[in-house]
Amino acid sequence: MADDQVQLRRDHDALWAEAPAALAGMIEARGLGIFRGIPHAPARLAAAARLTSTPPRLPEPARFDALGLTLPEFPLDAAHPAAPTLCAWALRAALGELRQTSGAFAP
């Protein structure tokens, strides 16, 4: 996967994300520098995070459209300490493992 630069590609009914070839296998560790040889692979996307510093308490369902495909989209404050947990819950909701009565993944 990648963070600063991400290439998207469509494979039939799936959207995949990967690092550009020039950056694949590299990671910047703030305060340490850039490392090479990091294991990497494309990732199939199930949802998209829309970064914001002020996500709404109960967001309306939203969609991310790319290359003719649509994925659920959710707001995320990446600086919030619970951001990794929220991403895990969002992934489980996008995969149908968790259900919502209201919010980003509600029916």
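Going by what's in this entry, would residue 39 be described as surrounded by 10 or more Cβ atoms within 10 Å (Cβ to Cβ) and either touching a residue at least 12 places away in the same chain (Cβ under 8 Å) or not assigned by TED's automatic domain parsing to the domain that holds residue 100 (or both)? Against the criterion (surrounded by 10 or more Cβ atoms within 10 Å (Cβ to Cβ) and either touching a residue at least 12 places away in the same chain (Cβ under 8 Å) or not assigned by TED's automatic domain parsing to the domain that holds residue 100 (or both)), residue 39 does not qualify. Restricted to the stretch 1-26, and to residues there that are assigned to a loop (DSSP other than H, G, I, E, B), of a type in the set (A, V, I, L, M, F, W, C) and under 16 Å from residue 71 (Cβ atoms), the residue that is modelled with the lowest pLDDT is 1.
Here 91, 58, 69, 98 are screened, and the one residue that is touching a helix residue (DSSP H, G or I) at 6+ places or on another chain (Cβ under 6 Å) and either among the aliphatic types (A, V, I, L, M) or exposed (fewer than 13 other Cβ atoms within 10 Å of the Cβ) (or both) is 98. Given the criteria surrounded by fewer than 16 Cβ atoms within 10 Å (Cβ to Cβ), in the same structural domain as residue 11 (by TED's automatic domain parsing), of a type in the set (D, E, K, R) and over 13 Å from the mean Cα position of the chain (by Cα), does residue 28 qualify? When the stated conditions are applied, residue 28 passes them.
A count restricted to the stretch 27-53 and to residues that are more than 22 Å from residue 102 (Cβ to Cβ) and assigned to a loop (DSSP other than H, G, I, E, B) stands at 12.
Of everything in the stretch 54-99, what is assigned to a loop (DSSP other than H, G, I, E, B) and of a type in the set (Lys, Arg)? Give them in sequence order. Matches in the stretch 54-99: 57, 99.
The values are calculated or read from the model by the stated rules, or taken from the named source; none is laboratory data. A quick note: this is a predicted structure, and the numbers were derived from the prediction, not measured. No Cβ is skipped: glycine too gets one built from the backbone with ideal geometry, and neighbour counts run over all protein chains shown.
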